[in-house]
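Chemist: Got a structure for you, questions after.
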Amino acid sequence: MRRAELPRGTPTRSAASSHCSSKPAARTPRVSIRSAATSPELRIGVNACFLSNPYATDLFLERLERELLHTGRLREILEFYPPQNYGAAGYISRVSGLPADFHFAGNGASEVIHAVLQHFAGPRMTLPIPTFSPFYEFAPVGTRLHFYHLDEGAGFMLDLGDYCRFVRDCGATSAILVNPNNPNGGYVSRKAVREFISSLRDLAMVLLDESFVHFADEDDSLERVSLERLIEEFPNLVVVKSMSKDFGIAGVRAGYGAMQPERVRELTARGYLWNVSGLANYFFRTYGQPDFQAEYNKARRRYIRDTRIFFAEAAAIENLLVYPSQANFILIRLAEPWRSTDFAMEMLVEHGVYVRDCSDKLGLEGPFIRVASRSREENALILEALRQTAKTGP
């Protein structure tokens with residue numbers, strides 16, 4: 001584990017967000033991203049960059065068509081103002097088991113992260129890297145960022161005991177933990193995370209991002225794992241959840257944070273009272289319905305099983321090193337002399353498969369790509385593209 005400290009605002013190797021876009025961050029590739037993106041011959045057949053459960057997207061779309069499109073109620077969603085933040089919070093509480101005033105609904109998890117960091121991070125913040133880039137991009141100006149470098153030799157798995165000592169050594173006021181982590185999918189057990197939170201209960205904030213936790217499991221039951229309820233025991237804990245990944249609705253922009261009610265009130269009093277759109281509010285209302293949750297759990301379990309098969313087959317491909325993951329994506333180290341930018345472009349241009357080039361990720365040194373699991377049929381296409389590209393060489 002290597003340690004680094006930077007003041008917020010210090011230039012770093014690309015601070016580009018790890019969200020995917022139509023122009024992946026890249027070094028100079030053999031075919032320019034811009035020319036490829038505008039070429040009439042280029043088609044994205046499978047998007048293995050965006051991280052979502054396509055079965056859950058189908059489920060929500062069916063519900064939306066039945067309840068809004070076929071009934072004409074969509075006009076109400078579009079024409080009239082949605083409820084304020086507390087409206088969505090009430091729907092969320094039906095699933096979390098926490099009182100409604102413990103929830104802050106956001107225009108995606110990124111807004112929640114930005115709001116929480118700006119108001120509660122304090123002067124010194126620690127975070128493991130590589131991880132989701134908004135955690136360092138959104139840190140308040142003047143906040144000292146202490147990066148805990150995950151060890152590639154250990155598969156980028158987080159040693160929570162060592163990280164806890166790092167937090168103490170840095171004199172941090174806040175600590176970030178993404179579980180499972182992005183971009184590698186590393187997962188730490190609920191027991192270990194609880195001990196970590198307990199040992200840092202004196203910090204101003206411990207932020208636990210569980211945006212991919214619906215894909216994680218600790219046994220073959222595939223039951224959901226979450227530590228959201230610990231907020232009642234540890235007042236400094238904030239839990240962030242994205243709806244985009246597990247429910248496959250990134251375009252809706254819906255996420256939330258669970259935290260102490262006084263923190264929710266502080267955020268809503270500072271400009272976040274009416275930040276959830278009518279469509280996002282409709283999603284949260286659907287999210288809170290028991291029948292939808294039952295159907296979603298079936299789709300989630302199906303997706304996890306298909307994803308496990310996909311990961312195992314990807315790990316068997318020669319010239320690719322696949323790291324263990326409990327998320328819905330895998331981090332892959334490419335064999336030299338591949339560059340990640342060239343490999344990603346080859347996958348896109350020759351096979352129509354869009355993967356995440358990780359060359360801009362802080363904490364990764366070498367040729368890495370991230371590949372998302374999709375439907376079983378799409379995964380077959382991804383696997384064939386990986387086999388062909390890894391076999392041909394740059």
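The values are calculated or read from the model by the stated rules, or taken from the named source; none is laboratory data. Keep in mind it's a predicted model, so treat the numbers as computed, not measured. Here the Cβ positions follow ideal geometry from the backbone for every residue, glycine too, while neighbour counts run over all protein chains shown.
Chemist: Tell me which of these Val193 doesn't satisfy, since it passes every other one: (1) farther than 21 Å from Phe120 by Cα; (2) touching a residue at least 12 places away in the same chain (Cβ under 8 Å).
Modeler: (1)
Chemist: Which of the residues belonging to segment 348-373 are charged (D, E, K, R) and either over 17 Å from the mean Cα position of the chain (by Cα) or assigned by TED's automatic domain parsing to the domain that holds Ala154 (or both)?
Modeler: Glu350, Glu365
Chemist: Continuing with the same structure: Picking from Ser189, Ser211, Ser198, which residue would you name as being of a type in the set (S, T, N, Q), closer than 26 Å to Lys361 by Cβ and surrounded by fewer than 22 Cβ atoms within 10 Å (Cβ to Cβ)?
Modeler: Ser189
Chemist: Further question: Which residues, counting only those in segment 333-378, are assigned to a strand (DSSP E or B) and either under 23 Å from Tyr148 (Cβ atoms) or touching a helix residue (DSSP H, G or I) at 6+ places or on another chain (Cβ under 7 Å) (or both)?
Modeler: Arg333, Leu334, Val353, Tyr354, Arg356, Asp357, Phe368, Ile369, Arg370, Val371
Chemist: Any residue at all in segment 307-325 that's within 30 Å of Glu67 (Cβ to Cβ), surrounded by fewer than 24 Cβ atoms within 10 Å (Cβ to Cβ) and of a type outside the set (Gly, Ala, Ser)?
Modeler: Within segment 307-325, one or more residues are within 30 Å of Glu67 (Cβ to Cβ), surrounded by fewer than 24 Cβ atoms within 10 Å (Cβ to Cβ) and of a type outside the set (Gly, Ala, Ser).
Chemist: Report, ordered by the first and then the second residue, all pairs with beta carbons closer than 8 Å, sequence separation of six or more or different chains, a first member in segment 88-101 that is closer than 15 Å to Thr268 by Cα, and a second member that is hydroxyl-bearing (Ser, Thr, Tyr).
Modeler: Every condition considered, the pairs that remain are Ala88/Tyr256; Ala89/Tyr256; Ala100/Tyr86; Ala100/Ser93; Asp101/Tyr86.
Chemist: Which condition number does Pro128 fail, the rest of (1) part of a strand (DSSP E or B); (2) of a type outside the set (A, V, I, L, M); (3) within 19 Å of Met259 (Cα to Cα) being met?
Modeler: Checking Pro128 against (1) part of a strand (DSSP E or B); (2) of a type outside the set (A, V, I, L, M); (3) within 19 Å of Met259 (Cα to Cα), the one that fails is (3).
Chemist: So in segment 81-106, with the set limited to residues that are out of contact with any helix residue (DSSP H, G or I) (no Cβ under 7 Å at 6 or more places or on another chain) and not in a helix (DSSP H, G or I), which one is nearest to Leu362 (Cα to Cα)?
Modeler: Ranking the qualifying residues of segment 81-106, first place goes to Gln84.
Chemist: Can you confirm whether segment 386-394 contains a residue that is touching a residue at least 40 places away in the same chain (Cβ under 8 Å), over 20 Å from Pro183 (Cα atoms), over 17 Å from the mean Cα position of the chain (by Cα) and not in a helix (DSSP H, G or I)?
Modeler: Checked against the condition, which is being touching a residue at least 40 places away in the same chain (Cβ under 8 Å), over 20 Å from Pro183 (Cα atoms), over 17 Å from the mean Cα position of the chain (by Cα) and not in a helix (DSSP H, G or I), segment 386-394 yields at least one hit.
Chemist: So is Leu207 of a type outside the set (Val, Ile, Thr), under 18 Å from the mean Cα position of the chain (by Cα) and closer than 30 Å to Pro83 by Cα or not?
Modeler: Considered against the rule, which asks whether it is of a type outside the set (Val, Ile, Thr), under 18 Å from the mean Cα position of the chain (by Cα) and closer than 30 Å to Pro83 by Cα, Leu207 comes out as yes.
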